[in-house]
Amino acid sequence: ELYVTIILEQKKTSPRTPQQPTSPKTPQQLQQIQQSSFLSSSSRGKRPTPLNISPFSKIIRYEGELTMTITIVEAKNITSNLTNKISELGVYCAVNVVGRKDIRKTKTVFGTSSPIWDKQFKFTLANWKDSVGFSVRVEDKNRGDYVIAKKVVKVDEIPLNAFIDKWVSLGAANE
């Protein structure tokens, strides 16, 4: 298992420009806005659905660029069917936005199957469709590094502006 903390934040939008609508200046403008809002919500016979939530599922839809801060805290009881000497080898955790080549890594910890890394990474995400991949790897100078456990987390499963603090179950490298 991998212990992580995650904070997902929406990037701040720029201040209003003169071309964007501003608050109504006259009572007639206010009345027009209220009538159009009432018609659009009551014509469907139900309350309007918030823009960031799909009416078909509980998956959250975020608009615009997102910032994700991930702290890889620790792992426990790392095992591998490739070797039974994990405690003698160095292990590290790699994290990346799936589909991108930018892979961030913790330091390598030697001599334990329950390493503590406590390393923070920041990612800018294009939108809610992104996924983040975690992989625990063995550092092997002779054969090359290899993945022993992994997990992919979809951004739309993470609540916005909340502090997530949890153990993530890792799957085998070949899953």
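How charged is the neighbourhood of CYS93? Take every other residue with its Cβ under 13 Å from the Cβ of CYS93, and add Lys/Arg as +1 and Asp/Glu as -1. Kindly include the intermediate steps, with their values, before the conclusion.
Values: positive: LYS76, ARG104, LYS105, LYS107, LYS119, ARG137, LYS150, LYS151; negative: GLU1, GLU74, ASP118, GLU139, ASP145.
Spelling it out: positives minus negatives among the neighbours equals +3.
What order do you get for 153-160, 68-75, 107-114 when each peptide is scored by the mean count of other beta carbon atoms within 10 Å, highest first? Can you show the working numbers first?
On the way: 153-160: 15.9, 68-75: 19.9, 107-114: 14.2.
Those peptides, ordered most packed to least, come out 68-75, 153-160, 107-114.
Readers should treat all values here as calculations from the given coordinates under stated rules, not as data from a laboratory. Owing to the predicted nature of the structure, the values given are computational and were not obtained by experimental measurement. Using ideal geometry, Cβ is built from the backbone for each residue, glycine included, and neighbour counts are taken over all protein chains shown.
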